[in-house]
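Quick note: the coordinates plus some simple rules give every number you see, no bench work behind them. From a predicted model like this one, the values you see are computed outputs, not experimental measurements. When we count neighbours, we look across all protein chains shown, and the Cβ atoms used for this are built from the backbone with ideal geometry, even at glycine.
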Amino acid sequence: MLFQQIVNGLALGAVYALIALGYTMVYGILELINFAHGEIYMIGAYLGILLLTFFTVVGLTQNHLLLSLFLVFLGSAIYCAAYGLTLERVAYRPLRHAHRLSPLISAIGTSIFLQNYVMLTQGSADKVFPHILLPEPITLFGVPLGPLQIFIILTSVVLMIGLHIFVSKTRLGKAMRATAQDKRMAGLVGIDINQVIAVTFVIGSILASAAGVMVAMYYGLVNFFIGYVAGIKAFTAAVLGGIGNVPGAMLGGFILGLVESLGASYISSEYKDVFAFLILIGVLILRPGGLLGEKASEKV
Amino acid sequence: MKTLYYIGIPVWLGLLVQPFMGSEGALALAVVIFLGGLLWWTAIQVSRSVRLPTQIGILLEEAGRLIRTLSGRKPSDRQRRVLTLTITGAVLILPLILNNYIIDVLTLAGIYVVLALGLNIVVGMAGLLDLGYISFYAIGAYSYALLSTRLGVSFWLALPLGGSVAALFGVVLGIITLRLRGDYLAIVTLGFVQIVHLVLNNWDRVTNGPNGILNIGRPALGAFVFSRPIHFYYLILAIVLLTVLAVDRLNRSRIGRAWIAIREDEVAAQATGVDTTRLKILAFALGAIWAGVAGVFFAAKFAFVSPESFTFFESIIVLSMVVLGGMGSVPGVILGALIVVILPEVLREFASYRMLVFGAVLVLMMIFRPQGLIGNPRRRVELQLQDQSQGIRTPMNRERA
């Protein structure tokens with residue numbers, strides 16, 4: 001029972017962590033809560049369903065399951081990246097030097113817009129993920145574990161390792177870190193700030209799309225409002241780990257997933273969201289920078 | 001290069017929406033955007049080559065003058081008096097000849113005016129981004145619902161009580177968030193909304209869960225019971241007037257100036273002797289009072305409360321009123337609240353599209369008119385002074401520190 005709940009929590013936490021990475025990276029560079037990021041995740045989930053339905057109609061899924069799943073992830077990622085890019089270009093770039101509330105309101109507006117756009121074009125009813133044949137549950141320590149949970153955890157870990165290598169080893173990753181530290185200075189040493197910001201949005205959107213497709217597979221159905229709650233939770237995870245901090249977002253996501261899963265099964269399922277927020281408030285009061293965040297001293 | 005945009009943008013957007021709208025929808029959208037762009041381009045070319053006829057020019061100038069007058073750029077005393085009289089007359093007399101539906105919409109608008117003015121204290125004046133403002137509204141509404149159904153407390157007693165309970169919670173939230181700045185504050189207040197919403201939904205013994213509380217007592221004065229829409233209209237009108245008076249006084253007071261100092265630069269404010277701790281908590285408390293009062297009225301008007309009315313989304317709606325109208329400006333915020341409540345009612349035929357439009361309007365406002373419809377006059381003065389002295393570093397466009 002406990003082990004089962006821990007695995008559930010890790011799978012949930014992996015999804016939160018993937019979304020949280022998008023929040024934390026954008027915040028690290030633009031100091032903006034990208035409220036529309038949850039909507040990108042929702043769009044990713046919808047695209048997963050739409051693409052898999054398409055492949056099933058064409059007949060690809062029946063013959064080559066793994067290939068079609070791979071194409072679903074890839075297609076969803078490409079589309080979400082395009083949405084992320086457009087979002088940044090339309091709603092955020094014109095406001096880069098505005099008062100700091102302006103981009104936040106713009107983000108909220110975009111979030112409302114995207115939710116209603118999906119509702120109007122796809123309807124407000126639940127969208128069902130096409131049935132696919134899955135392998136039998138694997139038994140570990142006498143507990144049956146769903147193949148999907150293992151798949152979610154493994155995929156997320158692979159993506160996170162990939163992100164870590166990208167940020168710490170590549171030239172573009174270095175440019176991102178420099179931009180996060182000091183935008184103006186980075187610009188002076190020849191980094192194309194606009195390009196770095198665009199790349200940040202693309203990476204965040206790709207991770208969110210992966211989370212979206214996996215959640216659609218896991219729960220079997222999605223709706224146009226799933227982005228809102230997931231977005232808030234993921235942002236909570238990002239703050240918990242220390243916003244702007246990439247490993248922090250991963251840690252925060254897993255902690256949040258575990259707290260929710262364990263809290264729901266051992267204390268009260270109705271109040272599971274309350275635990276998450278109470279932990280958040282507690283962390284912010286005792287350690288305002290988050291768990292892995294630096295102790296930020298105020299610049300005067 | 002320009003030509004590339006005129007073709008590239010429609011194609012890009014068409015491809016983006018294709019999975020959601022289907023090929024025909026995507027094609028239609030692309031064509032519409034392309035034609036729109038073409039029209040825009042033609043309009044620019046025409047306006048460059050053709051001069052406007054004199055009459056239209058004069059008309060535009062007059063309209064501009066009227067807008068400047070309304071937005072508070074030194075109207076003459078006579079203009080001011082005429083404007084005040086017209087508005088007062090319309091607000092007092094017009095409802096007598098309007099139908100109940102319109103009066104209900106106006107009453108709702110009144111509630112939101114009170115909420116927006118209250119939030120304006122926290123966000124517009126003190127500069128604390130509170131996304132959880134609606135919880136105080138909920139606390140006020142449930143206070144009256146419980147006081148009325150359990151203890152039979154009258155509306156008039158509940159009005160200050162509900163306000164005080166909300167203010168108390170405001171103080172608590174203020175103390176909790178004292179050390180947090182900017183976005184952290186936003187996320188904690190957001191968590192606060194979620195917690196209040198969940199408690200209302202799940203604490204069945206007290207709040208009756210998602211079913212809400214029914215049969216809340218109506219306000220009464222002696223034998224006269226407020227029951228028809230018009231009664232509630234005049235009641236909320238009185239509350240709105242009280243709020244406007246109080247907020248306007250606050251804005252001009254020592255406290256109001258201290259809040260603005262905190263908003264512009266907290267460290268500098270502290271250094272010049274402003275007690276930032278006390279004033280920030282005070283901002284939360286004084287903002288929450290009005291949400292509590294509005295909540296009590298809401299419960300009395302509809303005789304029913306349920307958690308559904310107090311979601312994070314409502315918080316955003318109220319915040320958008322403040323931003324749309326102009327942060328820190330009392331007439332602006334009133335206008336913002338009226339627009340956000342009344343416009344969707346007018347556009348009822350396009351009901352399913354109105355939230356789509358609302359989202360887009362928020363984005364466009366931020367890009368093209370971030371100071372709101374009627375900007376805060378004091379802020380404008382600051383802006384002009386700084387423009388003259390320093391050139392570019394103004395409060396509105398300075399780099400985020």
Point to revise | Karplus 3J(HN,Hα) series, Hz, for the range A:211-225 with 6.51 cos²θ - 1.76 cosθ + 1.60 (x for Gly, Pro) | key: 4, x, 4, 5, 5, 4, 5, 5, 8, x, 8, 9, 9, 6, 9
Review point. Taking only Cα atoms, what is the 0 to 90° angle, nearest 10, from helix B:377-390's long axis to the longest principal axis of chain B?
Key: 50
Review point. With labels modelled as points extended 7 Å from the Cα through the Cβ direction, what inter-label distance (nm, one decimal) is found for residue B:27 paired with residue A:67?
Key: 3.0
Review point. Got a sec to turn the phi values of the range B:332-345 into Karplus ³J(HN,Hα) couplings, 6.51 cos²θ - 1.76 cosθ + 1.60 with θ = phi - 60°, whole Hz, x for Gly and Pro?
Key: x, 5, 4, 4, x, 5, 4, 5, 5, 7, 7, 4, x, 5
Check your understanding: What are the ³J(HN,Hα) values, in whole Hz, obtained from phi via the Karplus relation 6.51 cos²θ - 1.76 cosθ + 1.60 with θ = phi - 60°, for each residue of the range B:128-142 in sequence order, with x given for Gly and Pro?
Key -> 9, 6, 9, 8, x, 4, 5, 5, 5, 4, 4, 5, x, 5, 5
Check your understanding: Whose amide H sits under 5 Å from the amide H of residue B:131, counting only residues 5 or more places off or on another chain, with H placed in the peptide plane?
Key -> B:189, B:190
Exercise for review: Using all C-alpha to C-alpha distances in the protein assembly as shown, build P(r) with 20 Å bins and read off the rounded percent in each one.
Suggested key: 16, 49, 31, 4, 0
Review point. Suppose R0 equals 60 Å; then what is the FRET efficiency for residue B:49 and residue B:93 from their Cβ-Cβ distance, rounded to the nearest 0.05?
Key: 0.75
**Study point:** Ranked A:156, B:315, B:135, B:309, criterion: other C-beta atoms within 10 Å, fewest first
**Key:** B:309, B:315, A:156, B:135
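Any chance you could run the full-extension gain for residue B:241 through residue B:278? It's 0.36 nm times the residue separation minus the Cα-Cα distance, nm to one decimal.
10.6 nm
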Check your understanding: When chain B is modelled as a GNM with alpha-carbon springs shorter than 10 Å, which of B:102, B:260, B:334 fluctuates the most?
Key -> B:102
Review point. Which residues' amide hydrogens lie under 5 Å from the amide hydrogen of residue A:221, considering only partners 5 or more residues apart or on another chain, with H built in the peptide plane?
Key: A:129
Check your understanding: Length gain on complete extension for the stretch residue B:104 to residue B:257, per 0.36 nm per residue less the alpha carbon to alpha carbon distance?
Key -> 51.4 nm
Study note, to complete from the structure: So, with points 7 Å from each Cα along the Cβ direction, the residue A:170-residue A:132 label distance in nm works out to 2.5
Point to revise | Whichever aspartates and glutamates have a C-alpha closer than 14 Å to that of residue B:301, once near sequence neighbours (fewer than 8 apart) are set aside | key: B:104
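Of all the stretches in chain A, which is the longest one without any exposed loop site, taking GluC sites (Glu not before Pro) in a DSSP loop (any state but H, G, I, E, B) with at most 11 other Cβ atoms within 10 Å?
A:1-293
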Point to revise | the range B:2-64: relative contact order in percent, alpha carbon pairs under 8 Å with at least 6 residues between | key: 29
Point to revise | Computed magnitude of the charge dipole of the range B:104-242 (debye, nearest 20; Cβ of K, R +1, Cβ of D, E -1) | key: 200
Check your understanding: So for the range B:2-64, what percent of the C-alpha to C-alpha distances run longer than 12 Å?
Key -> 73
Point to revise | Sequence-distant residues sharing a close amide H with residue B:305 (under 5 Å, placed H) | key: B:213
Revision key, fill the gap. Across A:92, A:117, A:23, the residue with the highest GNM fluctuation in chain A (Cα network, 10 Å cutoff) is A:117
Point to revise | Relative contact order of chain A, pairs being alpha-carbon contacts under 8 Å that are 6 or more residues apart, as % | key: 37
**Study point:** Dipole magnitude (debye, nearest 20) for chain B, charges at Cβ of Lys, Arg, Asp, Glu
**Key:** 1060
**Study point:** Fluctuation leader among B:222, B:124, B:372 - chain B, Gaussian network, Cα springs under 10 angstrom
**Key:** B:222
Practice item. Identify all aspartates and glutamates with a Cα-Cα distance to residue A:174 below 18 Å; exclude those on the same chain that are fewer than 8 residues away in sequence. Key: A:182, A:192
Check your understanding: Which angle between 0 and 90 degrees, to the nearest 10, do you get for helix B:354-368 versus the longest principal axis of chain B when only C-alpha atoms count?
Key -> 70
Revision key, fill the gap. Relative contact order in percent for chain B (Cα pairs under 8 Å, 6+ apart) equals 24
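Based on the mean of other beta carbon atoms within 10 Å per residue, what is the order of B:359-366, B:110-117, A:244-251, most packed first?
B:110-117, A:244-251, B:359-366
Could you line up B:322, A:189, B:17 from fewest to most neighbouring Cβ atoms inside 10 Å? Kindly include the intermediate steps, with their values, before the conclusion.
Values: B:322 30, A:189 9, B:17 16.
So the ranking, lowest neighbour count to highest, is A:189, B:17, B:322.
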Point to revise | Loop trypsin sites (Lys or Arg not before Pro), the range A:201-300, which have at most 12 other Cβ atoms in a 10 Å radius of their Cβ (DSSP) | key: A:295, A:299
Exercise for review: Evaluate the distance, in nm, between pseudo-label points positioned 7 Å from the Cα of residue B:211 and of residue B:228 along their respective Cα→Cβ axes.
Suggested key: 3.4
Point to revise | Gained length - residue B:83 relative to residue B:12, 0.36 nm times residue gap less alpha-carbon distance | key: 20.7 nm
Point to revise | C-alpha long axis of helix B:54-70 to longest principal axis of chain B, angle in ° | key: 30
Practice item. Work out the length of the dipole vector of chain A about its Cα centre, built from +1 on the beta-carbon of each Lys and Arg and -1 on the beta-carbon of each Asp and Glu, and round it to the nearest 20 debye. Key: 840
